[in-house]
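Participant: Structure below; questions to follow.
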Amino acid sequence: MDKKFPESFLWGASTSAYQVEGAAYEDGKKASQQDIINKENYEKLGFANADIASDHYHHFKEDVTLMKEMGFTAYRFSISWSRVFPNGTGEVNEKGIQFYRDLINELKSNNIEPIVTLYHYDLPWALVEKYNGWIDRQVVKDFEYYARYVINEFKDQVKYWTTINEQSIIVQYIAQKNYIPKEYRGNDQIRYQINHHMNLAHAVACKLVHELVPSGMVGAALGYAPVYPLTSKPEDVMAAQNAHDLRNAYYLDIYFKGMYTKSAMIYLEEHGLAPVIEEGDMELIKEGYSDFLALNYYASECAKACPIESGKEIRYGGVNLSGKKGEMSGFETHPGFYEMTHNPNLDTTDWDWAIDPTGLEYIFRDIYTRYNKPLMITENGLGAFDTLTEDGKIHDEYRIEYLREHIKAMKRAMDYGVEVLAYCPWSALDLVSTSNGVKKRYGFIYVDRTDDDPKECKRIRKDSFYWYKDVIASNGEELD
Ligand code: BGP
């Protein structure tokens, strides 16, 4: 089809606060749970901690200048709760909020639309110490206090708000995305309890945007993967449906229908995993409706039947820590419901994530048909070992290839009527990966540091930088 991207289409990229900012203990900021988790990761696994990250806190003007050079019309980033409220609640940290005022002013004066995420895994550590963080319902009240302040502060400059980043991924990788106190480790019910509290927090944030930002739009940023059946055997097809219900619909139905997906909830109840829901919770969730959905799409998934008789136990997603293909530590398993598995039809990244542009087209079509709300991409990208060559360049044609095919897939979905507002792949610049340190890179801009040595964090334009610049300048016409 010979349709064009709309003139209003937003092109940009994404980051998150703890992964890019650094200055973890500067200007009044106190630790977030990610500062603690990443410190432990450095000690155990040698992955960079978040103390300096990409030092964006000190380089933000240079970074925005580079974004402008690429032609960005949007930039999606998150606000660090513990930079604004170092103790989680109470007194605001003036210098902390000033950083975001400066960043947003810098973006606006360069005609780059800020897309702000309120929460991206980095709960103030003070709240973990006080009451175990997201495990306790008090967090919803404290989140409301923080969100009200931030939304009110930027209501005149920020139109697009995303609430909580990737609840579905938090449930899968609970200890990586959340600090779990010792007495709760191994307790799988808290995955769904924490998620329920996040649903309440999400609804609160949606209501606040509706109340405070008249022309604002709000939605969650959801980590989302279509689930294909391993074969066309009916048992595998049913397993894929079960996996879709528990891994995808369980979140989408909350955001758009204000209800929990029945089949998923029944499965959780049968296994003692269901969240405790208090009176009034579902009403609040209904009131906090979403205007759009932001999607973080990297890979598709595959499921097969897992009969009870297999004798397997419930387990959650595995991770590849080495970056050597095939070293994934295991797959999510729910006996009697489904078991995730490798898809033999798709190539993968070095970390075993299936590369599947058509999966993006598929989820756009599927979600739009079911819920009829505008969508945007707030993450999509290829984690890779990049090499800084002797001529001071980074020839990342593999990343260009990945992004090109995903943009084409997005366009095919748009040609069939899906309303897509923005494309903000991961990531604007290299940063600390949530699972693999800084050696797994995603950026258009190379940040010269290693896991052990932050060096000067010098910025270098990758080949993909120049390619993306042409893509944006041609409003998506020039992809090759
Ligand atoms: C998403 C997160 C991001 C990001 C990305 C890549 O789940 O929202 O924060 O890091 O995935 O994942 P990773 O860093 O583990 O490679």
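Participant: Distance from the Cα centre of the stretch 246-262 to that of the stretch 102-172, in angstrom?
Facilitator: 22 Å
Participant: Taking +1 at the Cβ of each Lys and Arg and -1 at the Cβ of each Asp and Glu, which of Ile472, Leu246, His197 sits farthest along the dipole of the stretch 10-473 towards its positive end, judged by Cα position relative to the Cα centre?
Facilitator: Projecting each Cα onto the dipole axis, the largest value belongs to Ile472.
Participant: Also: Add -39500 (n - 2.57) for each DSSP H run of 4 or more in the chain, then divide by its residues: what number comes out at 222 nm, to the nearest 500 deg cm²/dmol?
Facilitator: -12000 deg cm²/dmol
Participant: Compare Lys182, Lys373, Lys440, Lys130 by solvent-accessible area with a 1.4 Å probe and give them largest first, with all protein chains kept in place. All intermediate terms of the calculation are to be shown ahead of the outcome.
Facilitator: Numbers: Lys182 160, Lys373 70, Lys440 5, Lys130 135 Å².
From most exposed to least exposed: Lys182, Lys130, Lys373, Lys440.
Participant: Provide, in order from the shortest bin, the percent of all Cα-Cα pairs of the chain in each 10 Å bin, continuing until the bin that contains the maximum pair distance.
Facilitator: 4, 21, 33, 29, 12, 1, 0
Participant: Using alpha-carbon pairs under 8 Å, 6+ residues apart, how would you state the relative contact order of the chain in percent? Could the numbers behind the result be given before it?
Facilitator: On the way: 1010 pairs, mean separation 80.5, N = 480.
Reported relative contact order: 17 percent.
Participant: Dipole of the stretch 368-425, Cα-centred, from +1 at each Lys and Arg C-beta and -1 at each Asp and Glu C-beta, to the nearest 20 debye? Don't skip to the end; give the middle numbers.
Facilitator: Working: 8 positive and 10 negative charges, 101 e Å.
For the stretch 368-425, the charge dipole is close to 480 debye.
Participant: Which one of Phe9, Asn152, Thr117 is farthest out on the positive end of the charge dipole of the chain, using unit charges on Cβ (Lys, Arg +1; Asp, Glu -1) and the Cα centre as origin?
Facilitator: Value computed over the given set: Asn152.
Participant: Still on this structure, I have one more. Starting from the Cα of Lys95, draw a straight line to each of the aspartates and glutamates and keep only those under 18 Å, dropping any in the same chain fewer than 8 residues away.
Facilitator: Within the straight-line cut-off, Lys95 pairs with Glu21, Glu26, Asp27, Asp51, Asp55, Glu106, Glu153.
Participant: Mind checking the dipole of the stretch 1-135: about its Cα centre, +1 per Lys or Arg Cβ, -1 per Asp or Glu Cβ, Debye to the nearest 20? Walk me through the intermediate numbers first.
Facilitator: On the way: 14 positive and 20 negative charges, 64 e Å.
Here the stretch 1-135 has a charge dipole of around 300 debye.
Participant: A further question on this structure: Cross-link list Lys325/Lys439; Lys68/Lys469; Lys304/Lys373: which exceed 19 angstrom alpha carbon to alpha carbon? Please report the intermediate quantities before stating the final value.
Facilitator: Values: Lys325/Lys439 15 Å; Lys68/Lys469 9 Å; Lys304/Lys373 30 Å.
The answer is Lys304/Lys373.
Participant: If you don't mind, another one. Classify the stretch 292-424 as rounded, prolate or oblate from the Cα gyration tensor: take a ≥ b ≥ c as the square roots of its eigenvalues, call it rounded if a/c is under 1.5, otherwise prolate when a/b beats b/c and oblate if not.
Facilitator: Verdict is oblate for the stretch 292-424.
Participant: Given the Cα-Cα distance of Glu478 and Lys458 and 0.36 nm per residue of separation, how much length would full extension add, in nm?
Facilitator: On the way: separation 20, 0.36 × 20 = 7.20 nm, distance 2.91 nm.
Between Glu478 and Lys458, full extension yields 4.3 nm more.
Participant: Using only the heavy atoms of the protein chains and a 1.4 Å probe, how would Leu293, Leu212 rank by accessible area, largest first?
Facilitator: Details: Leu293 0, Leu212 35 Å².
Descending order: Leu212, Leu293.
Participant: Follow-up. Within 12 Å, Cβ to Cβ, of Pro229, how many net charges do the neighbouring residues add up to if Lys/Arg are +1 and Asp/Glu are -1?
Facilitator: Numbers: positive: Lys233, Lys304; negative: Glu235, Asp236, Glu301, Glu339.
Spelling it out: positives minus negatives among the neighbours equals -2.
Participant: May I ask you to rank Lys411, Lys155, Lys257 by accessible area, largest first, using a 1.4 Å probe over the protein chains only? Numbers along the way, then the final one.
Facilitator: Numbers: Lys411 35, Lys155 70, Lys257 100 Å².
Sorted by accessible area, descending: Lys257, Lys155, Lys411.
Participant: Round to the nearest 10 and report in Å² the accessible area of Ser215, as given by a 1.4 Å probe over the protein chains' heavy atoms.
Facilitator: The accessible area of Ser215 comes to roughly 90 Å².
Participant: Can you give the extra length, in nm with one decimal, that the chain gains between Asp347 and Lys182 once fully stretched, where that is 0.36 nm per residue apart less the Cα-Cα distance? Walk me through the numbers on the way to the answer.
Facilitator: On the way: separation 165, 0.36 × 165 = 59.40 nm, distance 3.77 nm.
Between Asp347 and Lys182, full extension yields 55.6 nm more.
Participant: Identify the residues of the stretch 7-33 with backbone N under 13 Å of a label point that sits 7 angstrom from the Cα of Tyr149 along the Cα-to-Cβ direction, or state none.
Facilitator: 28-30
Participant: Let me ask another. What spacing in nm lies between the two simple spin-label points modelled at Tyr416 and Glu211, each 7 Å away from Cα in the Cβ direction?
Facilitator: Reported label-point gap for Tyr416 and Glu211 is 4.1 nm.
Participant: Round to a whole angstrom and tell me the spacing of the C-alpha centers of the stretch 286-311 and the stretch 333-402.
Facilitator: 15 Å
Participant: Accessible area of the stretch 318-419 with a 1.4 Å probe: how many percent of it is carbon plus sulfur?
Facilitator: Numbers: 2190 of 4390 Å².
Result for the stretch 318-419: 50 percent of the exposed heavy-atom area is carbon or sulfur.
Participant: Still on this structure, please answer the following. State whether the stretch 380-480 is rounded, prolate or oblate according to the following rule on the C-alpha gyration tensor (a ≥ b ≥ c being the square roots of its eigenvalues): a/c under 1.5 gives rounded; otherwise a/b larger than b/c gives prolate, and the remaining case gives oblate.
Facilitator: Details: a/c = 2.64, a/b = 1.85, b/c = 1.43.
Taking the square roots of the gyration eigenvalues as a ≥ b ≥ c, the stretch 380-480 is prolate.
Participant: Rounded if a/c is under 1.5, else prolate if a/b beats b/c, else oblate: with a ≥ b ≥ c from the C-alpha gyration tensor eigenvalues square-rooted, which is the stretch 56-187?
Facilitator: On the way: a/c = 2.29, a/b = 1.75, b/c = 1.31.
Note, shape of the stretch 56-187 comes out prolate.
Participant: Please compute the per residue accessible area over the stretch 10-473 with all protein chains in place, 1.4 Å probe, rounded to a whole number of Å².
Facilitator: Per residue, the stretch 10-473 has 37 Å² of solvent-accessible surface.
Participant: Shifting gears a bit: Given the whole protein assembly as supplied and a 1.4 Å probe, what does the accessible area of Ser433 come to in Å², nearest 10?
Facilitator: The value for Ser433 is about 10 Å².
Participant: Quick one: how many lysine pairs in the stretch 114-265 have C-alpha atoms under 21 angstrom apart, if they're 8 or more apart or on different chains?
Facilitator: The result is 9.
The values are calculated or read from the model by the stated rules, or taken from the named source; none is laboratory data. The structure presented is a predicted model; accordingly, all values stated were derived computationally and were not measured. Heads up, the Cβs are rebuilt from the backbone with ideal geometry, glycines too, and the neighbour counts pull from every protein chain shown. For accessibility, only protein heavy atoms count, side chains too; no ligands or nucleic acids. Shrake-Rupley method; radii C 1.70, N 1.55, O 1.52, S 1.80 Å.
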